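The values are calculated or read from the model by the stated rules, or taken from the named source; none is laboratory data. All values reported here derive from a predicted model rather than from experimental measurement. Counting neighbours? That spans all protein chains shown, and the Cβs are built from the backbone with ideal geometry, glycine included. Just the protein is used for accessible areas: all its heavy atoms, side chains included, with ligands, DNA and RNA removed. Shrake-Rupley method; radii C 1.70, N 1.55, O 1.52, S 1.80 Å.
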Amino acid sequence: MTEINSDLHHWWQSCIPEVRNQSNDQRRQIRSRQLTVAETLQEEGISSTRSCVFACIIYVNHVLNPVYLEPQNPEVAEEIAKIVGIAKQCVQ
């Protein structure tokens, strides 16, 4: 299972910077022009991908340490915060 965790991190680092570095507030950014439908869908797709990756990291950490025999990996709290940050920006 640690190999899966390693592979996931390796894959994430191989993603283009636009995916890894998208701002959580991308929906509220002031832009010089309104995004096209295609651009909006691309941004939303990137945001969804980021949330899924963070959720996978949380899940893998849970599988590796299901009953918290070891202290929780700080990465889990970080990824939860990232997902919550993305979710807070979703259109209501």
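Using θ = phi - 60° in the Karplus curve 6.51 cos²θ - 1.76 cosθ + 1.60, the 3J(HN,Hα) couplings for the range 29-34 round to 5, 7, 10, 5, 8, 6 Hz; x is entered for Gly and Pro. Taking 0.36 nm per residue of separation and subtracting the current Cα-Cα distance, fully stretching the chain between T36 and V19 would add 4.3 nm. Think of a 1.4 Å ball rolled over the protein heavy atoms: the chain then has 71 Å² of accessible area per residue.
Expressed in nm to one decimal, what extension gain is obtained for the pair C52 and I80 from 0.36 nm per residue of sequence separation less their Cα-Cα distance? Result for the pair: 9.0 nm of gain on full extension. Taking the protein heavy atoms of the chain in the context of the full set of protein chains, the accessible area attributed to carbon and sulfur is 58 percent at 1.4 Å.
Nearest 500 deg cm²/dmol is fine: what mean residue ellipticity at 222 nm does the chain get from its DSSP H runs of n ≥ 4 alone, each adding -39,500 (n - 2.57), divided by its residue count? The per-residue figure over the chain is -21500 deg cm²/dmol. With only alpha-carbon pairs counted, each pair once and no self-pairs, how large is the Kirkwood hydrodynamic radius of the chain in angstroms? With all distinct Cα pairs of the chain included, I get 14.6 Å. The loop-placed chymotrypsin sites (Phe, Trp or Tyr not before Pro) in the chain, going by DSSP, that have at most 13 neighbouring Cβ atoms within 10 Å of their Cβ come out as Y68.
Taking a Cβ cut-off of under 15 Å around V37, the surrounding Lys, Arg, Asp and Glu residues balance to a net charge of 0, with basic ones at +1 and acidic ones at -1.
The residues neighbouring I58, those whose beta-carbon lies less than 15 Å from its own, together hold a net charge of -1 under the Lys/Arg +1, Asp/Glu -1 convention. Multiplying the residue separation of A87 and Q29 by 0.36 nm and removing their Cα-Cα distance gives an extension gain of 19.3 nm.
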